[in-house]
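Here the structure comes first, spelled out in structure tokens, and everything after it is commentary.
The values are calculated or read from the model by the stated rules, or taken from the named source; none is laboratory data. Keep in mind it's a predicted model, so treat the numbers as computed, not measured. Methodologically, a virtual Cβ is constructed for each residue, glycine included, from the backbone with ideal geometry; neighbour enumeration extends over all protein chains shown. Only protein heavy atoms, including side chains, enter the accessible area calculation; ligands, DNA and RNA are left aside. Shrake-Rupley method; radii C 1.70, N 1.55, O 1.52, S 1.80 Å.
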Amino acid sequence: MSDWTNVIQATTMHDPISGAINTPIQLSSTFNQPDFDNFGHFDYARSGNPTRESGEAAVAKLEHGKHGYLFSTGMAAISSILFTLSAGDHIVVSKHVYGGTFRLLTDILPRWGITHDMVDFSDLDAVAAAITPATKALYIETPSNPTLHITDITAVVRLAKVHHLFTIADNTFLSPFLQKPLDLGVDIVVHSATKFLAGHSDILAGAVVVNRSDLADKIYFIQNAVGATLGVLDTWLLLRGIKTLGVRMTHASRSAQKIAEYLAAHSKVTRVLYPGLVNHEGYAIQMKQANSGGAVLSFDVGSEAHARTVVEALKIPVFSVSLGAVETIISYPPKMSHAELNAQALANVGISPGLLRFSVGLEDTDDLIVDLEQALAQI
Ligand SMILES: *Cc1c(COP(=O)(O)O)cnc(C)c1O
């Protein structure tokens, strides 16, 4: 079935009791057990509830997975995956991961004896060299935030299989509408559903989707034990947001492509990072594993002072953290998403002082280009 139909089918309920086509919001923390010996499908809402279950089925369907889990935030989802590891375990992680993931890996997990190495995943020999007898998993994020590095998912999966490792992919930047890592052999897909899945800068949410039942059991165990679950009101908003995922991703990524081409030709812009540009180093891989370049790009205006000028001059985008929403969001990663990294760590991952991240929303493309034109003219 086409993704367009799948998105609607996954979020349309046929409630057997009322016929409601939207998932009912079941505000109940506990469920009556009619039989002393045999309990029903739901008992306590942390362990499961009908609204969250609908949302979990929806994200699983979108990612072509069998089991979905919803968490209170993307970081809760990522932590819950990593909590399946034990003291002594090691993982190899792309050095281009989200700042919050970096913080979890460097400041929390080592205290529990879970270690990692960060490697440039475009160099598979370096990835292979980082694998030790204690390594359990490979963790990737593609495209990466905010430098839009592309990782060859199929090649990473192949390497993981050779070493009997499982693979984790953060698919936040493209959403399942543009890329489906499980179809490419990844074991665990994770999302900050705060971004494109929810799509309206209104809720925080995280999602995990898997096919393997052994991994599903482990993740469900952690979800229930740790309890960072998504509330029912937020689940409803997530489902509402997902209904328009297809139209949002299609419009925003077409717009991003045009804006990237415009910026690439602009004399004040020193580089544009967008995997839909033919001269982007990851272009061929991106076109093989995803449907487009996505809706996020980054561009460099040469210095922090220029970045400030552009941000202050732009009229349409909001200047904020986050991405993947109906409104265009411009952010300055060194002070925002990657504030955890010191100057050396920023340089190491290619976040230069003039780099701005641009998450394209649903405004008119030409209006955004006109706005960029007047802002860049002030440099
Ligand atoms: C935002 C983000 C996260 C963290 O998600 P939260 O919902 O903010 O907790 C993880 N990965 C990526 C790629 C993100 O953009």
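Candidates in segment 293-324 are the residues that are open to solvent by 20 Å² or more (accessible area, probe 1.4 Å) and in contact with a Ser or Thr (Cβ under 8 Å, 6 or more places away or on another chain); of these, the one that is nearest to the ligand (Cβ to nearest atom) is 322. Scoring residue 101 on the criteria (1) over 18 Å from residue 140 (Cβ atoms); (2) open to solvent by less than 10 Å² (accessible area, probe 1.4 Å); (3) within 9 Å of the ligand (Cβ to nearest atom) leaves a single failure, condition (1). Total residues in segment 183-239 satisfying the condition of being over 17 Å from residue 55 (Cβ atoms) and outside any strand (DSSP E or B): the figure is 17.
Close Cβ contacts (under 8 Å, 6 or more residues apart or on different chains) running from residues in segment 125-142 that are of a type in the set (D, E, K, R) to residues that are part of a strand (DSSP E or B) comprise 136/90; 136/91; 136/166; 141/94; 141/169; 141/170. For segment 336-348, check the following and say yes or no: at least one residue is outside any loop (DSSP other than H, G, I, E, B), open to solvent by less than 30 Å² (accessible area, probe 1.4 Å), under 30 Å from residue 203 (Cα atoms) and among the polar types (S, T, N, Q). No, segment 336-348 contains no residue that is outside any loop (DSSP other than H, G, I, E, B), open to solvent by less than 30 Å² (accessible area, probe 1.4 Å), under 30 Å from residue 203 (Cα atoms) and among the polar types (S, T, N, Q).
Of everything listed in (1) open to solvent by 30 Å² or more (accessible area, probe 1.4 Å); (2) assigned by TED's automatic domain parsing to the domain that holds residue 328; (3) not acidic (Asp, Glu), the single unmet condition for residue 269 is (1).
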